[in-house]
Amino acid sequence: MEYKKYYGMIEAVLFASGEPVSLERLSEATEIDRPTLSGLMPDFMAEYKSSDRGVQVVKLGTSYQLCSKKEYESYIKRALEIKRNTPLSQAAMETLAIIAYNEPVTKSFVEQVRGVDSSQTVNNLVEKGLVEEAGRLDVPGRPITYQTTANFLRSFQLSSLQELPPLPDESGQIHLEEVVASQEEPVEE
């Protein structure tokens, strides 16, 4: 059947990429039209989910990636001699949550919400690949904004940020618009 040939093409592109591949890019690479490819992907993913394979296909927003299955993590670590990942600190988890729920945000915004200096924590999250620069605000000083990455989604097994659980109560939260407005207010001497 022709679908098996398509599956081989999709698998080869995802394997060779090593990174998430958008549906559009996958369509261009395999020369499968987008509607057909969109229809194939759920069955293609199901084949990996139901089998005893060591890899799976993960959907990240509108992109797909071939990843190892979590149950084989210990074997992979042993094979690659990867040291055990240290869990994220409470400060890192708080910072990550602030960024994920409010992105894009500045370090200043994170610090206002947390009430403490968070520069090093944000830098550590960037190093771990969970957060990345998202651009600069158009205010004096042009501060860098940060957003979560595809690695963040993969690490927390989310397809998109919309899958984050709802916040219990928004009262008392500082929003990015308030921070920008406070930075634009004239300073009285």
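Each reported figure results from applying straightforward, stated rules to the coordinates on display, with no laboratory input. Everything quoted here is computed from the prediction, not taken from an experiment. Ideal geometry is used to build each Cβ from the backbone, glycine not excepted, and the neighbour counts take in all protein chains shown.
Arrange the following residues from fewest to most other Cβ atoms within 10 Å of their Cβ: I99, I76.
Ranked by crowding around the Cβ, least crowded first: I76, I99.
Mind running the shape call on the stretch 1-141? Use the C-alpha gyration tensor, a ≥ b ≥ c as the square roots of the eigenvalues: rounded below 1.5 for a/c, prolate if a/b tops b/c, oblate otherwise.
The shape class here is oblate.
Within the stretch 53-160, which chymotrypsin sites (Phe, Trp or Tyr not before Pro) sit in a loop by DSSP and count at most 16 neighbouring Cβ atoms inside 10 Å?
The qualifying sites are F156.
What ranking of S50, S68 emerges when the number of other C-beta atoms within 10 Å of each C-beta is taken as an exposure proxy, fewest first?
Starting with the residue having the fewest Cβ neighbours, the order is S50, S68.
Mind listing the long-range amide H neighbours of T145? Cut-off is under 5 Å, sequence gap 5 or more, other chains count too, H placed in the peptide plane at 1.01 Å from N.
It is A134, G135, R136, L137, by chain and number.
Taking the stretch 3-73, which GluC sites (Glu not before Pro) meet the DSSP loop condition and have no more than 10 other C-beta atoms within 10 Å?
E31
List the pair-distance distribution P(r) of the stretch 105-145, using every Cα-Cα distance, as the percent of pairs falling in each 5 Å bin from 0 up to the bin containing the longest distance, rounded to whole percents.
Histogramming the stretch 105-145 at 5 Å steps yields 6, 25, 28, 25, 14, 2 percent.
Relative contact order, percent, of the stretch 1-112 when contacts are C-alpha pairs under 8 Å separated by at least 6 residues?
Rounded, it is 20 percent for the stretch 1-112.
Sorted from fewest to most neighbouring beta carbons within 10 Å, what does the list R53, R154 look like?
Ranked by crowding around the Cβ, least crowded first: R53, R154.
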